[in-house]
Structure formats: C-alpha cells, structure tokens
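The next block holds one structure in the form of structure tokens; read it before the comments.
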Amino acid sequence: QKDNLMTTCYINGKYKPLGKSTVSVTDRGYQFSDGVYEVIAVFKNEFVDFKLHLNRLFVSLKKMDMKINLNKNQIESIIKKIKKINQLEMGIVYIQITRGDQNPREHKYSNNLKPNIVIYSIIKNFEYLNKLAQKGVKTSLYPDVRWQRSDIKSISLLGNVLAANHAKKNKSHEAVLFDNKNMITEGNSSSIWIIKKNKCITHPLNFRILKGCTRHKLISILKKNKFKFEEKKFSITSLLNADEAFMTSATNFIMPIVKVDKYTISNGKPGLNTLKFRNLFINAI
Ligand code: PDD
C-alpha cells in the first residue's frame, strides 16, 4: 500500500487519494459526532469476520435512525475494491458514515440529509502483535465515563480517547473500564475477559458494551471446544484475582493481559488457555 496520504479512499461515490478526500465543516460527524464506523481487519490477505462487521454496521445505522442509499452488497463491493486498489495484505479497512452536511448547525437533524460515506485502508503490523502476545500486555484501570449507548459503534469516542490516553501515560496497551459499581465493562477499544476455574467470563450484552465481533467469534470457538463460558459482570477484584485475563478486538485478535496497573495477573505470564484460544482464532481466520 502506498504512503498514507496517497492511499485510495472511497468518498461518496468517488475514489480519491486520502489526502484529497474531504467533507464539509458542517458535516454532522464533525460538529456533533453524529455518525457510525467499523474496523475490519485484513490478515494474510483475507478479511477477518467480514460478515459480522458488515452486519453490525447496518445495526449501528438502524439504532441511529440513519439511512444510506447503498445496500450491504454495495458496501461489501466498495470495501473489497478498496482492499484491492490499495493492495492491502495486513491492516484494516476503516468505514465511517456520518449523517451528512447540515447548514445552519442545529441539533435536530433534518430527514433529507445525504450521509457522508468514507472507506479507506490502513496498514497494520499484525506480526508485531504476535510477538506482543507471547509476553502479554499491561493494562490500566479507568472509570467508564462514556455515554450510555456503548452498544452503538458511534464515532462519539471521547470517553474511549481519554481512557486510551490514560493507558498511554501509564505505558499500558489498553485501558480497562469500570462502572460506578466497580464492575468491568470493556476496554477502551476491546472486549475484556477473565478465566477463573477453567471458565471464561465476559460482560453480558447490553447498552453498556459493544457487541464485539471477535467476542462473538471466540464464543463459537469456546462452544466448539466445550470450554465453559458465562456472560456475567465481574468486578475489579475478580479481574485482579483471575487465573487468566485477556482482551479481544479486530485489531488485537486475542491478547493476553498480564498486568493491571501495579498488579500482576496470576504468575505474570500469558495464560495457557488464552494462548490456545489465540491459536484457535488465528487458525479459524
Ligand atoms: N474497536 N469495545 C469497543 C469499545 C471497541 O471499540 C471495540 C473495537 C471492541 C471490540 O470489537 P470487535 O471485536 O468487533 O473489534 C469492543 C475497534 C477495533 C476500534 O475502534 O478501532
């Protein structure tokens, strides 16, 4: 893939260099973060969980009461075309749809807006993540200060951004978010899991977390391998006392967590089950 600004970007029916792809200042995404997005990984020249991400994009649009004049098949073709033009073998395709331009600025949206649809790709080094997974990562706790509809993959990510930068300051790979009852919700851009007594546990699906595609895929792998799992809330204390902990996302696949701030999880090494799941996942994709 070419240097980032020369990367080809689909924007509202046209294919242009990313550096020349622009939307208006009155775009509602820019002014109100009124939009949705998706991140689909490409690993060894193959899309990962393509259909799950495409379906979730349309679920997010529906939850936001947004309509676009392209159907799933058309979006699919554009995503595939972007991968091809940019010769993307390892990385992600980023899709963003905002409600469109509205001038003058007003909170209430009019119903005849034309959504701004942008699709482009970014190279990512997943081999580096493989190395990281052999050591496991450090995470940092951060209060979940996000809005209360985290089930929508909206571009309103300020809470996630604050959390991620808290993690960065603490030399952590990811922030682990907790609610006002000290229960873990999810990561700043991942689903969070623990293993206790050979059972995988992750937060149940509700408005507080995103329905992760990697989470979904892992659940089917767990079922196939007859590994016990439960969707239930767990506390910060349970995380710190877990036998194993890990995070899942499109860009990390399955990543062992070995530290939470100054606390070490178990013996400080990636859990054996976690590494097994990571291998099963990578084989499955
Ligand atoms: N984020 N929870 C949040 C808040 C996320 O942002 C993500 C993904 C996930 C995991 O979902 P999935 O397994 O479908 O990637 C959970 C993407 C990678 C991002 O924002 O870059």
Of every Cα-Cα pair in the chain, the percent that sits beyond 23 Å: 56
Measure nothing but the geometry: give the 0 to 90° angle between the long axis through the Cα atoms of 272-284 and the longest principal axis through the Cα atoms of the chain, rounded to 10°. 30
In the stretch 110-187, which GluC sites (Glu not before Pro) are in a loop and have at most 12 other Cβ atoms within 10 Å, using DSSP for the loop call? none
Evaluate Rg over Rh across the stretch 21-107, taking Cα atoms for both radii and Kirkwood's formula for Rh. 1.01
Cα convex hull volume per residue for the stretch 207-276 (Å³): 110
Phi-based couplings in Hz for the stretch 99-109 (Karplus 6.51, -1.76, 1.60; Gly and Pro marked x): 5, x, 6, 9, 9, x, 4, 8, 4, 5, 8
Tilt, helix 72-85 to longest principal axis of the chain (alpha-carbon atoms), in degrees rounded to tens, equals 80
Over 20 Å (Cα to Cα) - which of 233/262; 72/223; 44/84; 72/153 fall in this group: 233/262; 72/223
So residue 130 and residue 65, fully extended at 0.36 nm per residue minus their Cα-Cα distance, gain in nm 19.5 nm
Between residue 109 and residue 89, the two model label points (7 Å from Cα along the beta-carbon direction) sit apart by a distance in nm of 4.0
What residues have an amide H closer than 5 Å to that of residue 261, excluding those fewer than 5 places away on the same chain, when H is modeled at 1.01 Å from N in the peptide plane? 139, 140, 141
Longest principal axis of the chain (C-alpha) makes with the long axis of helix 50-63 (C-alpha) an angle, in degrees to the nearest 10, of 70
For the stretch 105-170, build the convex hull from the C-alpha positions and give me its volume per residue in Å³. 171
Please give me the summed charge of the neighbours of residue 242: other residues whose Cβ is under 11 Å from its Cβ, Lys and Arg +1, Asp and Glu -1. +1
For residue 224, which aspartates and glutamates qualify as cross-link partners when the Cα separation must be under 18 Å and same-chain residues fewer than eight apart are set aside? 49
What is the spin-label model distance, in nm, from residue 46 to residue 226 if the labels are put 7 Å beyond Cα along the C-beta direction? 2.6
Apply the Kirkwood formula to the stretch 149-285: the hydrodynamic radius equals the inverse of the mean of 1/r over all pairs of different alpha-carbon atoms; give it in Å with one decimal. 15.0
Return the whole-Å distance between the Cα centroid of the stretch 245-275 and the Cα centroid of the stretch 102-161. 22
Residue 26 versus residue 165, label points 7 Å from Cα toward the beta carbon: distance in nm? 3.0
Within straight-line cross-link reach of residue 228, aspartates and glutamates at Cα separation under 17 Å, skipping those fewer than 8 residues along the same chain: 243, 244
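All of the numbers you see were taken from the coordinates with simple rules; none came from a lab. Note that this is a predicted model, so its numbers are computed, not measured. As a convention, Cβ positions derive from the backbone with ideal geometry for all residues, glycine included, and neighbour counts pool all protein chains shown.
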